[in-house]
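Notes follow the structure.
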Amino acid sequence: MNLKRIYYGWVIVLIGFFVLSMNAFAVFGFGVFLKPLTEEFGWERGALSTAFSISLLIGGILSLVTGRLSDRYGPRILVTVAGVALGAGFLLTSQVNSLWQVYIVWGLPVGIAISCSVIPIISSVPRWFIKRRGIALAIPAAGFSLGGVIGPILIERLISTYDWQHAFIVLGILPFVITVPFAQLMKREPELADTETNLESEIIEEVRVAGSAARGLSFNEMIRDRWFWLFGTIQFSFGFCGQMIIVHITPYGTDVGLTAITAASILSISSATGIAGNLLTGSLADRISPRLMLSSCYITLVLSLVWLLFTREAWMFYIFALVFGVARGGIVPVQTMVPAEIFGLKHLGSYIGAFLLFGTAGGVIGTPVAGFIFDISGSYSLAFWLAIIFASLAFTVSVIILRYKNVKI
């Protein structure tokens, strides 16, 4: 194979795959640590879940800044910072013995890692592709899902074999080995003059089209547009119900009688099917309206959460994991394609940063609310009903957006 003929956009996609897989260890792994930490230190689940919410809140707030920095300076420095922060956060958390320490050494570094990696990657990838944008966005999302497959089982094995401290130490080494080196290969967007001699004519044309499409609303124009608030509502609702389930499904499984490894495998199965959702939806969105795919994924998400209300046996959890994973995985790539379609590419980093703030705000509220509901009632039933309500709201708004076809670029 002639490596000079490989379009560098696919290198960017592959880097995103591995970097986001590291992020998934933090996002999907926190729920596995929830029960061991609360049992050792006597903390309540709602209080410990707040640490996860702090990381989401910090990530959401910083995303407004990192989105603009990515638009101006590119992704390399930001993704490097993300790798250092994530590794440091894992390593420092291995030494905690007080709840306030978890809030600081987990919440701050993980929040920085989220904002400095997710925004630069998902705003850079669309700049490299037009015809294959859906599948290009789906591959990094699949990396996040793959991290969710491996992470919970790996963490549970490390905890059961050694202890939770050693599990955090192992996780802390990985970003320095994977994220930081890969970050050095990141580029913001294609430069035709530097690559034209190495590319086939059809790819050269794609680069030209991508460059001409890099226009759209300014950030100030966008926040005055009703589409911004409609899409922000979808992102908030997705964050509310999605992060709630990710953090609390493992302890919920053990509460109803599943073994620890079986409960952890629920997250892994949902992440595995999430890969299928990422790739299937991304591929279909290149042929079908991304907005139609978004609505289809949200109604599937609602149905999975309704099923969860009645889930008590292992086989029922597995069915939930399959459906929830496909729906959640499918939502991720199209939720980047839709704002790119509506608002354009010129300030995409800023757009995605703002929408990530909506999503993290939902997670900041939904995750501890579920924990506090359990602490008060001893049950997750009310929390799951709230998840259904917010998922239904996201579906309803996605249908409203589906009705309108105008694109503001």
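All of the numbers you see were taken from the coordinates with simple rules; none came from a lab. Computed from a predicted model, the values in this text were never measured in an experiment. Methodologically, a virtual Cβ is constructed for each residue, glycine included, from the backbone with ideal geometry; neighbour enumeration extends over all protein chains shown.
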Let's see if you can work this out: charge +1 on each Lys and Arg Cβ, -1 on each Asp and Glu Cβ, no other charges. What is the dipole magnitude of the chain about its Cα centre, in debye to the nearest 20?
1020 debye
Express in nm, to one decimal, how much length is gained between L64 and D163 on full extension, taking 0.36 nm for each residue of separation and deducting their alpha carbon distance.
31.9 nm
Given the options P175, I139, Y318, identify the residue whose Cα lies farthest towards the positive end of the charge dipole of the chain (+1 on Cβ of Lys, Arg; -1 on Cβ of Asp, Glu).
I139
Under a Cβ-only charge scheme (Lys and Arg +1, Asp and Glu -1), can you give me the dipole magnitude of segment 34-144 about the Cα centre, in debye to the nearest 20?
740 debye
Before anything else, pin down the relative contact order of segment 1-113: Cα pairs under 8 Å, at least 6 apart, normalised by residue count, whole percent.
32 percent
Looking at the square roots a ≥ b ≥ c of the eigenvalues of the Cα gyration tensor of segment 1-68, which shape do they give, rounded for a/c under 1.5, prolate if a/b is larger than b/c, or oblate?
oblate
Any idea which of I54, A82, S70 is furthest toward the positive side of the dipole for segment 33-86, if Lys and Arg beta-carbons carry +1 and Asp and Glu beta-carbons -1?
S70
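Can you give the calculated 222 nm mean residue ellipticity of the chain, where each DSSP H run of n ≥ 4 adds -39,500 (n - 2.57) and the sum is split over every residue, rounded to the nearest 500 deg cm²/dmol?
Working: 17 runs with 338 residues, N = 409.
Using -39500 (n - 2.57) per qualifying helix, the result is -28500 deg cm²/dmol.
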Residues in segment 318-335, backbone N under 19 Å from the label point at V306 (7 Å along the Cα-to-beta-carbon vector): list them, ranges by number please.
318-328
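Classify segment 50-167 as rounded, prolate or oblate, taking a ≥ b ≥ c as the square roots of the eigenvalues of its Cα gyration tensor: rounded when a/c is under 1.5, otherwise prolate if a/b is larger than b/c and oblate if not. Show your work: numbers first, answer last.
Details: a/c = 2.76, a/b = 1.52, b/c = 1.81.
Here segment 50-167 falls in the oblate category.
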Percentage relative contact order, segment 7-403, counting C-alpha pairs under 8 Å, at least six apart:
29 percent
Taking the chain as the reference, fit the longest principal axis to its C-alpha atoms, fit the long axis of helix 226-255 to the helix C-alpha atoms, and give the angle between the two in degrees, 0 to 90, nearest 10.
40 degrees
Of the candidates V332, M186, A285, the farthest towards the positive dipole end of the chain (Lys/Arg Cβ +1, Asp/Glu Cβ -1, centred on the Cα centre) is A285
Taking 8 Å as the Cα distance limit and 6 or more residues as the minimum spacing, I'd like the relative contact order of segment 79-123 as a percentage.
55 percent
